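Working notes for the structure below.
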Amino acid sequence: MFLRIGEQVLFAALPTDLKAGIQARSESGQYADSRERQTMRFQLLQLNDPILATFAEDARAAKSDADCIAIAQRIDLRKVNKSAVSQLLFALGPDVVGGIIVSVISAAADASDIAFAATLSELRHDMLESLSDFVHAR
Amino acid sequence: MIATIDRSNGATLTFSDIKHALYDGDSSTKTDLDVLRHIFDNKRQNVEEQLLSSPKLLEKFKGRKRVLKREISGLLDRSRDQIQHLAASRDFEKKSGKKGIIRRFASFAARHKVVTALLAFAAAAGGVAGSFYLAGNWELLLANVALLRKQIAGGVGAALPVLDPATKALDGTGLEGVPRGTGITL
């Protein structure tokens with residue numbers, strides 16, 4: 001599990017049984033994100049997924065905020081095109097994924113939550129590696 | 001304080017201008033990808049010189065070489081950024097797909113519905129099914145996001161301003177001519 005310093009502190013504070021068998025390593029990958037870069041990543045998305053397209057249509061027709069969120073939460077990401085999920089995570093960026101990691105660790109109730117945090121940290125690690133390999137300073 | 005005057009008279013350099021300047025009469029047979037390859041296969045200085053000596057571009061900028069140079073520099077910087085991010089995105093997709101991390105993420109997200117909702121709203125923000133875009137529905141979306149934010153603990157909520165009405169939709173041909181979603185090998 002690759003964690004940034006603040007995340008390591010949260011992880012260390014978890015009950016011992018939740019941390020069992022998980023080795024927390026330091027995430028050293030760097031990427032200077034910005035509003036402009038995030039917007040650009042969103043503009044480069046190419047999503048062709050019928051489930052997400054249906055959601056977008058349903059969201060337009062939703063009668064209330066709560067309805068819209070309920071529709072979103074009914075989506076089963078396992079059925080969504082893997083490329084679309086990968087592109088969306090990339091567009092959100094490593095800092096957002098970091099935010100989710102913090103959320104998941106903070107509210108962790110069982111080993112499955114920690115396994116989710118570990119998966120997210122692995123995702124972010126790969127994302128940072130790809131960004132470091134391809135995005136160079138001018 | 002020195003006042004600066006914008007002498008461009010509103011002229012803006014577009015990706016299409018670059019294509020015509022580089023290929024002239026041959027431009028109709030060239031794709032955006034050809035242009036990008038040309039930009040990245042050649043030294044930047046050479047590309048800039050080639051563009052600066054284009055009579056058509058000079059005419060568009062009424063002979064103001066300095067303004068044209070600034071425009072060229074900005075557009076080449078943006079194109080480079082876009083290409084690099086596209087390449088990084090493809091690399092990430094390949095890497096994470098091979099390891100099965102996306103599949104694992106999707107399975108866990110089934111239990112974490114707020115994360116599912118975040119991705120769904122991101123999809124709506126980015127546009128799905130090619131050119132689909134919630135152009136007239138941003139207010140509804142933002143209201144949803146505000147409510148969603150309340151449900152999210154920790155730092156995830158802070159990331160949501162990305163769902164901003166200022167994020168412009170693309171016309172389907174890609175940002176300033178960068179092809180959307182095509183595999184690009186640098």
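The values are calculated or read from the model by the stated rules, or taken from the named source; none is laboratory data. What you see is a predicted model; the values in this text were computed from it and never measured. Using ideal geometry, Cβ is built from the backbone for each residue, glycine included, and neighbour counts are taken over all protein chains shown.
Selection of the stretch B:92-150 for residues being in a loop (DSSP other than H, G, I, E, B), modelled with pLDDT under 80 and more than 7 Å from chain A (Cβ to nearest Cβ) yields B:S131, B:Y133.
Inspect the stretch A:115-124 for any residue being buried (at least 23 other Cβ atoms within 10 Å of the Cβ), touching an Asp or Glu at 6+ places or on another chain (Cβ under 6 Å), within 7 Å of chain B (Cβ to nearest Cβ) and of a type outside the set (F, W, Y) and give the result as yes or no. So far as the stretch A:115-124 goes, no, none of its residues is buried (at least 23 other Cβ atoms within 10 Å of the Cβ), touching an Asp or Glu at 6+ places or on another chain (Cβ under 6 Å), within 7 Å of chain B (Cβ to nearest Cβ) and of a type outside the set (F, W, Y). In a residue-by-residue description of the stretch B:94-105, the property of being crowded, with 19+ Cβ neighbours inside 10 Å and small (G, A, S) applies to at least one position.
The single condition from (1) surrounded by 21 or more Cβ atoms within 10 Å (Cβ to Cβ); (2) within 28 Å of A:L18 (Cα to Cα) that A:A109 fails is (1).
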